[in-house]
Amino acid sequence: MNSPFLIAQISDLHLKADQKLTYGVVDCLGALRRAIDHLNASQPRPDIVVISGDLVDFGRADEYAVLKRELARLHMPVYLVPGNHDDREQLLAGFTHHTYLPTNANAPLDWVVEEHPVRLIGLDSTRPGAHGGQLLDSQLRWLDEQLSRRPHVPTLLILHHPPFITGIGHMDHEPFINTAALEALVARHPQVERLLCGHLHRPMQRRFGGSLSCVCPGTSHQIVLDLEASAPAHFNLEPAGYLVHRWHPQQGLVTHNAVFGEYAGPYPFYDVHGLID
């Protein structure tokens, strides 16, 4: 296959039921609906969508019912990993038709999808009852085995928590546990093209184990860019965003940061006389 393969990444949906506003301010349902309409109408349309956690706000069955209904409108396959706002048991109960997901809610929801030009490995970085992220030693062993099995296949790791310090004070209070072990593992497997993360509600990138960790902006609200150690837990309504990862076997993987919404344009650079003055 020599044509591009497009992966759209959205994150941190924080859906509620009964059209309730998240934090009393954010219309997360409306934001997701606009995102789905945007992705379905994109030209070229993404081949798949991955969602990097915080699918709903409180991990409730009625919230997952709303999510299931909305995601059914996507015109392409969608793959899910949980975030710290999710509940493993309720997620599995609501998405039994997602057969790539494991069936045991008492263990991390790690998975592998092999059917695309890029291999997908979903990792459950949640710590039940905590906001910060972690991969257990058992998960790291499993990941090492999976990567060793197909060393020449380009691979994306999808997990909610970015494994690095951001500089945004309140988001760094619960740092990722086992960062060094994960980074050493990734460094042993150069086929890992990206770590696709969420949680931080802002676009960020960091070199990680010879690969690149990319954080997706929020589908609705964003965390305030405050690089003070004392930064309070605040969000704002900057434009909602997503990432598009374009894979081509000869050209590699390129990640584009994009925004949802309608904006003026497009305008031409040139007319019949050349560059417009």
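Applying the criterion of being modelled with pLDDT of 95 or more and open to solvent by less than 10 Å² (accessible area, probe 1.4 Å) to the residues of the range 169-188, the residue that is nearest to residue 250 (Cα to Cα) is 186. With respect to residue 256, determine if the residue is of a type outside the set (S, T, N, Q) and open to solvent by less than 80 Å² (accessible area, probe 1.4 Å). Criteria not met by residue 256.
Being in a loop (DSSP other than H, G, I, E, B) and over 30 Å from residue 184 (Cβ atoms) is the filter here, so list the residues in the range 235-249 that pass it.
Scanning the range 235-249 gives 237, 238, 239, 240.
So which residues in the range 259-277 are assigned to a strand (DSSP E or B), more than 28 Å from residue 13 (Cβ to Cβ) and open to solvent by 40 Å² or more (accessible area, probe 1.4 Å), if there are any at all?
270, 271, 275
Of the numbered conditions (1) open to solvent by less than 50 Å² (accessible area, probe 1.4 Å); (2) in contact with a Lys or Arg (Cβ under 7 Å, 6 or more places away or on another chain), residue 243 satisfies every one except a single condition; which is it? The failed condition is (2). Of all residues in the range 98-151, those satisfying the criterion of being of a type in the set (Gly, Ala, Ser) and either part of a loop (DSSP other than H, G, I, E, B) or surrounded by fewer than 17 Cβ atoms within 10 Å (Cβ to Cβ) (or both) are 105, 107, 125, 129, 130, 132, 138, 148.
The values are calculated or read from the model by the stated rules, or taken from the named source; none is laboratory data. For clarity, every value in this text was computed on a predicted model and none was experimentally measured. In this analysis, Cβ positions are derived from the backbone assuming ideal geometry, glycine residues included, and neighbour counts consider all displayed protein chains. Please note that ligands, DNA and RNA were not included when accessible areas were found on the heavy atoms of the full protein model with its side chains. Shrake-Rupley method; radii C 1.70, N 1.55, O 1.52, S 1.80 Å.
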